[in-house]
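A.B. asks: One structure follows; several queries about it will come next.
No value in this document is a laboratory result; all are computed from the given coordinates. The shown structure was predicted, so the numbers you read here are calculated from the model rather than taken from an experiment. Backbone-built Cβ (ideal geometry, glycine too); neighbour counts: all protein chains shown.
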Amino acid sequence: MTIKWPPGNAHLVLSWIVIGALGIVEGIYGRTQYYGDWISYLNVSWAVTHIDWREIFNPFWNPGYPAVVAAARALAAPTPEGEWHAITVANWLIYLVAYASWRGLIRNAFALYWPGSLALTQHPFTIWIGVCVFLGACLGLDTVSAVCPDMLVTTGFILGSGLLLALIRRKDVLSATLLGLVLGVGVWVKGVFTPFACLFLLTLFIYCCARGRLWRPFGVVAGVFGIFFATYVAGISWSYGEFTLGASGALNVPWHVNELPHLTNWQGGPAQFGRPIHPTSQLVAGLPAFGFGTPFHTTYPPYNDVAYWYKGFRSFFSLRLELIAMGRSLWSLQQILRQHPGVVAVAAAFLLCLAKRPWRTALIKTMVQMWPLLLPTIAGFGTYFLVHVEDRYLSAFMMVLALVSCAPLMDVKLPSRRQLTTALVIIYGAGALGELVLSDAPSFNAAFRRADYHDDPGWQLANALTASGLQPGDAVAVIRDSAPAVRVSWAYVSRLRIVAEFGALPYRIEPEDRNRFDRKDEPLWPDYSEIFWTQLTPQQREQVMTAFSQSGARAVVSLSMPKIAPGPGWVPLKGTTAWLYTFGDVT
């Protein structure tokens, strides 16, 4: 008895249903608050809404994704909840475009390298292996719920890879124009796409030198990309006050490689880094009290406008520090392997192909043949590896490598081909299932419980602040607790502006990195509320509060409170751990 598979189109439709359903569940239930980077991008999205060109061309936070958010928000109810749902829908649509791009890359790879087997793109094996790989990458390494451009970067990289193969095959101006458009728009989405675009152009240039016949399309790609790139560079240079290709790479390298103190309230030093031209203001000598009410009016200027506060730092190259940074990247990779079965599946697939000589020979032959696809992928990963590696950066690279690992199956004369096929199905199926269980279990559990994001402490604090009489746009000061300074979801949701704070000293490298190397020279996240209320004298506390008032704050939020009597004027915010002090009446 033989199994009769349903038609390929039925499998393809079902794959879209599976992809879409899992994506919308994670998108709705995968987050309960906004994180630091997300809030910075959301501030740029409001600049897009209000046509504030200086903030639109923020040198650190690119405007591509914020423009998408601004467009989605314009169609939703003008409330924090309306924005929340608009972002979810926008992210889900980006996720679906990413899947369409992935399907397009598979088809373009077949059309270029195995045109006689193009019908296999509709085969159930190809469709469902593609689904497993995509889920591992875009619901495991990346997520629909994240309010950041990473999924859009993944989409651009996969789409660009597919268009590069299409251009090599067709040699037409249309494909060249589309490729240039994707690379150019990518630069507006995230700073890392600048080196990615250069890698695509380099790959095409090498192909032209080796094969010829593509010089005219190469010129079209470079020309279209150049228009977008030059416009963007002109915009951010105007906003920054001097020529720059973007502050993201320029700051991330010193932060993660040279250990420049980051991310907020850097006042200068150590000596090799110099001093910022305009640091945040230290309000009280000897105390971590800082003001930053001007010149920006964003949620949390020290991070939302980080390029401004770090302007004037000195960068340098150190081979020793670069090797240490690469060591941290290796550590991050082994952590990613431990936490993400989808990545393990790709590694296992390559190891499997090395198990038998015919499979190994076919894999090597495939990799040589598909070098235009592999060069941007491997070099793109190297861009991150030299500086800093996180799981969310790797989804596009994982998908390309998974495609290459399955390519030896196109050799119909490959010994034990059926055995290899079965093994790859098991590996990638287990990888996708494991990724859904380990990475996305919290989202599915929240869906079963019908959890509501309003129950998150950040939303509860935002609602309590609004109920206290504070209005959107009001300036507040904050006395930090032990959480990272950039966690200000409560301020964004209530549309308050933080203009001063007690706490948030910069650190040299990320605490989790420092833990890996057992560094004890700096505290991780001290509880600044404990310091303020139990270690400062009453006179010092009065100095800080006076400075807060002079910074323009209408109120002070203490995110936590030790078990002490805080003094007159302080009131607890119902349902939260925070206390509020207002300077005069809040109307």
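A.B. asks: Of LEU141, MET370, HIS454, whose Cα points farthest to the positive end of the dipole of the chain (charges on the beta-carbon: +1 Lys, Arg; -1 Asp, Glu; origin at the Cα centre)?
C.D. replies: MET370
A.B. asks: Hand me the trypsin sites (Lys or Arg not before Pro) from the range 283-348 located in a DSSP loop with no more than 16 other Cβ atoms within 10 Å, in residue order please.
C.D. replies: Filter output for the range 283-348: ARG314.
A.B. asks: Taking the alpha-carbon centroid of each part, what is the distance from the range 325-393 to the range 88-166 in angstrom?
C.D. replies: Cα centres, the range 325-393 to the range 88-166: 18 Å.
A.B. asks: Still on this model: Cα centroid distance between the range 177-207 and the range 536-582, in Å?
C.D. replies: Their Cα centres are 50 Å away from one another.
A.B. asks: Need the C-alpha centroid separation for the range 10-76 versus the range 422-497, integer Å.
C.D. replies: What the calculation gives is 15 Å, centre to centre.
A.B. asks: Hey, another quick one. Could you give me D for the range 456-582, from Stokes-Einstein at 4 °C and 1.567 mPa s, where the hydrodynamic radius is the Kirkwood radius over C-alpha pairs? Units µm² s⁻¹, please. Working shown, then result.
C.D. replies: Values: Rh = 15.4 Å.
In µm²/s, the coefficient is 84.
A.B. asks: Can I ask one more? How big is the charge dipole of the range 441-487 about its Cα centre, in debye rounded to the nearest 20, if each Lys and Arg gets +1 on its Cβ and each Asp and Glu gets -1 on its Cβ? Present the calculation step by step, with values, prior to reporting the outcome.
C.D. replies: Values: 4 positive and 5 negative charges, 27 e Å.
The calculation lands at about 120 debye.
A.B. asks: In the range 373-428, how does Rg compare with the Kirkwood Rh, expressed as the Rg/Rh ratio over alpha carbon atoms?
C.D. replies: Details: Rg = 14.5 Å, Rh = 13.0 Å.
Using Cα coordinates only, the ratio equals 1.11.
A.B. asks: Go through SER482, PHE193, PRO217 and say which Cα lies farthest out towards the positive end of the charge dipole of the chain; charges sit on Cβ, +1 for Lys and Arg, -1 for Asp and Glu.
C.D. replies: Positive-most Cα among the choices belongs to PRO217.
A.B. asks: Could you size up the charge dipole of the range 456-582 around its Cα centre, putting +1 on the beta carbon of Lys and Arg and -1 on that of Asp and Glu, and report it in debye to the nearest 20?
C.D. replies: Working: 13 positive and 13 negative charges, 50 e Å.
That gives the range 456-582 a dipole magnitude of about 240 debye.
A.B. asks: I would also like to ask the following. Are there trypsin sites (Lys or Arg not before Pro) in the range 403-499 that DSSP marks as loop and that have at most 11 other Cβ atoms within 10 Å, and which are they?
C.D. replies: Details: sites: LYS413, ARG417, ARG418, ARG449, ARG450, ARG480, ARG487, ARG495, ARG497; in loops: LYS413, ARG450, ARG480, ARG487, ARG495.
Sparse-neighbourhood loop trypsin sites (Lys or Arg not before Pro): LYS413, ARG450.
A.B. asks: Which is the longest part of the chain that has none of the GluC sites (Glu not before Pro) sitting in a DSSP loop with at most 13 other Cβ atoms within 10 Å? Can you show the working numbers first?
C.D. replies: Details: sites that count: GLU242, GLU390.
Free of exposed loop sites, the longest segment is 1-241.
A.B. asks: Taking chymotrypsin sites (Phe, Trp or Tyr not before Pro) as exposed when DSSP calls them loop (any state but H, G, I, E, B) and at most 13 other Cβ atoms lie within 10 Å, what is the longest stretch of the chain free of them, the sites themselves excluded?
C.D. replies: Numbers: sites that count: PHE243, PHE316, PHE317, PHE517.
Counting only loop sites that pass the neighbour cut-off, the longest clear stretch is 1-242.
A.B. asks: Could you give the spread of the C-alpha atoms of the chain along their three principal axes, from largest to smallest, in whole angstroms?
C.D. replies: 84, 53, 48
A.B. asks: In debye to the nearest 20, how big a dipole does the chain give about its Cα centre with +1 on each Lys and Arg Cβ and -1 on each Asp and Glu Cβ? Kindly include the intermediate steps, with their values, before the conclusion.
C.D. replies: On the way: 42 positive and 34 negative charges, 473 e Å.
Dipole of the chain, to the nearest 20 debye: 2280 debye.
A.B. asks: How much mean residue ellipticity at 222 nm does the chain get from its helices, if each DSSP H run of length 4 or more adds -39500 (n - 2.57) and you divide by all residues, to the nearest 500 deg cm²/dmol?
C.D. replies: Numbers: 24 runs with 337 residues, N = 587.
My calculation for the chain gives -18500 deg cm²/dmol from helical runs alone.
A.B. asks: A follow-up question, please. May I ask which residue of TYR232, VAL44, ALA71 lies farthest towards the positive end of the charge dipole of the chain, with charges of +1 (Lys, Arg) and -1 (Asp, Glu) on Cβ and the Cα centre as origin?
C.D. replies: About the Cα centre, the residue reaching furthest to the positive side is TYR232.
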